[in-house]
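The values are calculated or read from the model by the stated rules, or taken from the named source; none is laboratory data. What you see is a predicted model, and the numbers here were worked out from it, not measured in a lab. Don't worry about glycine lacking a Cβ; one is built from the backbone with ideal geometry, like all the others, and counts go over all protein chains shown. Calculation scope for accessible area: heavy atoms of the full protein, side chains included, ligands and nucleic acids excluded. Shrake-Rupley method; radii C 1.70, N 1.55, O 1.52, S 1.80 Å.
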Amino acid sequence: MKANFLSKILFVTVMMLGAVSVRAAWLATDTTLNEGDTTYDNQDIVVSNCTLIVNGPHGFNSLQVLGGGVVTHSPATTNQYALQLTIVSSLTIDTTSKIDVSARGYWQGRTVGNQSSGGATGAAGGSYGGLGSGVGANPVYGDFRDPNELGSGGGTRWDYAGPGGGLVRITAGTATINGLILARGASGGGGGYPGGSGGGINLSA
């Protein structure tokens, strides 16, 4: 009876371990997950000492960013990208790691909708929730209660203006953030050239 009971415990333990291993994905090399790629959706994701690029909406069971790991999205070009995650269970970022979409927003002279019309001109900095410095800043836009846009690039007088920050939108069951979540605009090159605005971060947990 005792041996049979122990064998049942062992069987259940093996089955549980098997279920966890099927659902877990440990990423230790740079990986890109594009919109529509469901390779890692609904799994427990661990990003360790590498960069995970996530474009478009994706759903994970949990996400851990550890050991110098970085999660980001691709920089805006003629297309625009965002990091949009729905995490059923927990989001964890350790002290060495970050979600960082800095300088991944709209480029020089471009603003909301990736449009050059209405973008910053001259030596003005990019605007978003606040007005960029200098004459020719693009109009402010967005909703601080529900940030849902990339940051704008700096003005067009020179070719060294900084791009805006990107966009992070995450819904998680719980969040433990000991590292960083960043969406900074980039400084203009060479010092004195116009910088981009910060991007948007929306974290609901």
Worksheet entry | In the range 189-203, residue farthest from THR92 (Cα to Cα) [restricted to those that are open to solvent by 60 Å² or more (accessible area, probe 1.4 Å) and in a strand (DSSP E or B)] | ILE201
Worksheet item: If you take just the strands (runs of 3 or more DSSP E) that sit entirely in the range 45-94, which of them hold at least 2 residues that are hydroxyl-bearing (Ser, Thr, Tyr)?
Response: 83-93
Worksheet item: Picking from THR51, THR78, which residue would you name as being open to solvent by 60 Å² or more (accessible area, probe 1.4 Å) and more than 20 Å from THR171 (Cβ to Cβ)?
Response: THR78
Item to complete: Collect the residues in the range 134-161 that are under 14 Å from ALA186 (Cα atoms) and exposed (fewer than 15 other Cβ atoms within 10 Å of the Cβ), keeping them in residue-number order.
Response: ASP159
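Yes/no per residue for (1) assigned to a strand (DSSP E or B); (2) among the aromatic types (Phe, Trp, Tyr); (3) in contact with a strand residue (DSSP E or B) (Cβ under 7 Å, 6 or more places away or on another chain):
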position: GLY126; (1), (2), (3): no, no, no
position: SER133; (1), (2), (3): no, no, no
position: ASN138; (1), (2), (3): no, no, yes
position: PRO147; (1), (2), (3): no, no, yes
position: THR156; (1), (2), (3): no, no, no
position: ALA175; (1), (2), (3): yes, no, yes
position: SER187; (1), (2), (3): no, no, no
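Is it true that SER127 is open to solvent by 20 Å² or more (accessible area, probe 1.4 Å) and over 18 Å from the mean Cα position of the chain (by Cα)? Explain how you work it out, then say what you get.
Values: open to solvent by 20 Å² or more (accessible area, probe 1.4 Å): no; over 18 Å from the mean Cα position of the chain (by Cα): yes.
No, not satisfied.
Going by what's in this entry, would GLY118 be described as in a loop (DSSP other than H, G, I, E, B), closer than 27 Å to ASN55 by Cβ and touching a residue at least 12 places away in the same chain (Cβ under 8 Å)?
Details: in a loop (DSSP other than H, G, I, E, B): yes; closer than 27 Å to ASN55 by Cβ: yes; touching a residue at least 12 places away in the same chain (Cβ under 8 Å): yes.
In short, yes.
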Worksheet item: Restricting attention to the range 86-106, which residues are closer than 21 Å to ASP41 by Cβ and either out of contact with any Gly (no Cβ under 8 Å at 6 or more places or on another chain) or buried (at least 20 other Cβ atoms within 10 Å of the Cβ) (or both)?
Response: ILE87, LEU91, THR92, ILE93, ILE99, VAL101
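Let me confirm something: among HIS73, HIS58, which residue is over 30 Å from ALA161 (Cα atoms), surrounded by 22 or more Cβ atoms within 10 Å (Cβ to Cβ) and not aliphatic (A, V, I, L, M)?
Values: HIS73 fails: over 30 Å from ALA161 (Cα atoms).
Being over 30 Å from ALA161 (Cα atoms), surrounded by 22 or more Cβ atoms within 10 Å (Cβ to Cβ) and not aliphatic (A, V, I, L, M) holds for just one of HIS73, HIS58, which is HIS58.
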Practice prompt. Have a look at PHE11, PHE5 and point out the one that is surrounded by 10 or more Cβ atoms within 10 Å (Cβ to Cβ), modelled with pLDDT under 95 and farther than 30 Å from GLY185 by Cβ.
Written response: PHE11
Worksheet, complete the sentence: VAL46 passes all but one of the listed conditions (1) open to solvent by 40 Å² or more (accessible area, probe 1.4 Å); (2) at pLDDT 50 or above; the exception is number (1)
